[in-house]
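First comes the structure, then the notes that go with it.
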Ligand SMILES: Nc1nc2c(ncn2[C@@H]2O[C@H](COP(=O)(O)OP(=O)(O)OP(=O)(O)O)[C@@H](O)[C@H]2O)c(=O)[nH]1
Ligand SMILES: [Mg+2]
């Protein structure tokens, strides 16, 4: 992994334009965004442009070995670029976390927040205040942006992704008692909670790993509706048979493997608050 000096937004801070009163207290909490990106030169500039001004202190784009202009687009958009040459969504997220929690620049503290956001412009960065509000109000440790609650159409959330999400959420509920409507990638988590989860999955098991571990550790988890649209650039996962089968295998395998593991050792994930 290689990184370069920190980037961030120097946008003027105008809390009155944010929809949540809780965000006016943001000054005490730092917010960093991690954007995993593999060949997203089309979507990434739009994503960076749409991040609400003044809300975010630091943006890390993890270039996962792109062969296009992704890294250049990130720098032009004011983000810091971390290079993670080994492919994998989870690995890219982890590289961003490592940079924020252990990199050369000033680290985030336990009460700060990390937001994860895809680079393909399928999420709406403008929904970030809704994602942050429950954490800043002290009502959540982890907030998942639910595309289902946000009314995503099947043009954007393709039928196979919609069905896979429903199945995964059903199994999470039956096997873990976890009530979710989506495994959406647009999410926010406080640093102390993220550290507690000790995330491991290197690819598309990452989102379900976070949700299941959060349930077992009894984190306060809140879902908020977020909008979703068709991605910019060529689809790599949901739009391809190989990607869909690989992600489904990984996500469902993760659910069953962790159910077995927790039956054998219920203490493998300790509670977050004693
Ligand atoms: N596919 C893939 N995406 C990666 C990887 N590393 C980082 N990413 C980024 O992770 C985010 C999610 O990947 P996507 O390809 O959008 O996955 P998806 O939303 O399930 O499916 P599509 O949008 O249809 O491709 C995007 O910002 C990717 O650029 C990787 O190794 N493989
Ligand atoms: Mg996508």
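The numbers here are math on the coordinates, done by the rules we state, and not lab data. Remember, it's a predicted structure, so these values are computed and weren't measured experimentally. Here the Cβ positions follow ideal geometry from the backbone for every residue, glycine too, while neighbour counts run over all protein chains shown.
So for the pair residue 200, residue 83, with labels modelled 7 Å out along Cα→Cβ, what separation do we get in nm?
Placing both labels 7 Å beyond Cα along the Cβ direction yields 3.0 nm.
Could you give the nm distance between label points at residue 155 and residue 273, where each point is 7 Å from its Cα heading toward the beta carbon?
4.4
Select from 52, 159, 36 the residue whose mean-square fluctuation is largest in a Gaussian network model of the chain (Cα-Cα springs shorter than 10 Å).
Largest GNM mean-square fluctuation: 159.
Pick from 254, 263, 162: which is most flexible by mean-square fluctuation in a GNM of the chain where alpha carbon atoms under 10 Å apart are linked?
263
Given the rule -39500 (n - 2.57) for each run of at least 4 DSSP H residues, summed and divided by the residues of the chain, what is its mean residue ellipticity at 222 nm, to the nearest 500 deg cm²/dmol?
-11000 deg cm²/dmol
What FRET efficiency, computed as 1/(1 + (r/R0)^6) with R0 = 35 Å and r the Cβ-Cβ distance, is obtained for residue 173 and residue 111, rounded to the nearest 0.05?
About 0.70, to the nearest 0.05.
Order these peptides, 228-237, 93-102, by their mean beta-carbon neighbour count within 10 angstrom, highest first.
Ranked from most to least packed, the peptides come out as 93-102, 228-237.
Rank 131, 158, 55 by mean-square fluctuation in a GNM of the chain with C-alpha springs under 10 angstrom and give only the top-ranked residue.
158
When the distances between all Cα atoms of the stretch 2-264 are binned every 5 Å from zero, what whole-number percent does each bin get?
1, 6, 14, 19, 21, 18, 13, 6, 2, 0, 0
Tell me, how many Å apart are the Cα centres for the stretch 188-247 and for the stretch 260-274?
Spelled out, the Cα-based centre of one part sits 20 Å from the other.
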